[in-house]
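Colleague: I have a structure I would like to understand better, so I am pasting it below and will then ask my questions one at a time.
The values are calculated or read from the model by the stated rules, or taken from the named source; none is laboratory data. All values reported here derive from a predicted model rather than from experimental measurement. Every residue, glycine among them, receives a Cβ derived from its backbone with ideal geometry; neighbour counts consider all protein chains shown.
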Amino acid sequence: MQVTVIYYETVSLELLHEVVDFEVNEQGAVIVPPEYQQEKSIIAVYEGELNIINKVGERVDFIEPVAV
């Protein structure tokens, strides 16, 4: 199953993401292999490919001024 994994590496506070294919067990749960989990703190696993436009700590630049 194709999933998007959101995670931190153990050496950085930068929030990262990656689209990968993992196996699914009989109950339908995604199996994240132990070797993939090494040196990562996994925050979430989403089904499919996510289009992440902004993460924590990133700035959003508005093209037009926003009313306050």
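Colleague: At pLDDT below 95, surrounded by 11 or more Cβ atoms within 10 Å (Cβ to Cβ) and in a loop (DSSP other than H, G, I, E, B) - does that describe any residue in region 1-9?
Modeller: For region 1-9, residues at pLDDT below 95, surrounded by 11 or more Cβ atoms within 10 Å (Cβ to Cβ) and in a loop (DSSP other than H, G, I, E, B): absent.
Colleague: While we're on this one: Which members of region 33-51 meet the condition of being more than 13 Å from the chain's Cα centre (by Cα) and part of a loop (DSSP other than H, G, I, E, B)?
Modeller: Within region 33-51, P33, Q38, E39 meet the criteria.
Colleague: Say we look at region 11-35 and pick out the residues that are in contact (Cβ under 8 Å) with a residue 24 or more places away in the chain and surrounded by 10 or more Cβ atoms within 10 Å (Cβ to Cβ); which of these is farthest from M1 (Cα to Cα)?
Modeller: Per the stated criteria, the residue is E14.
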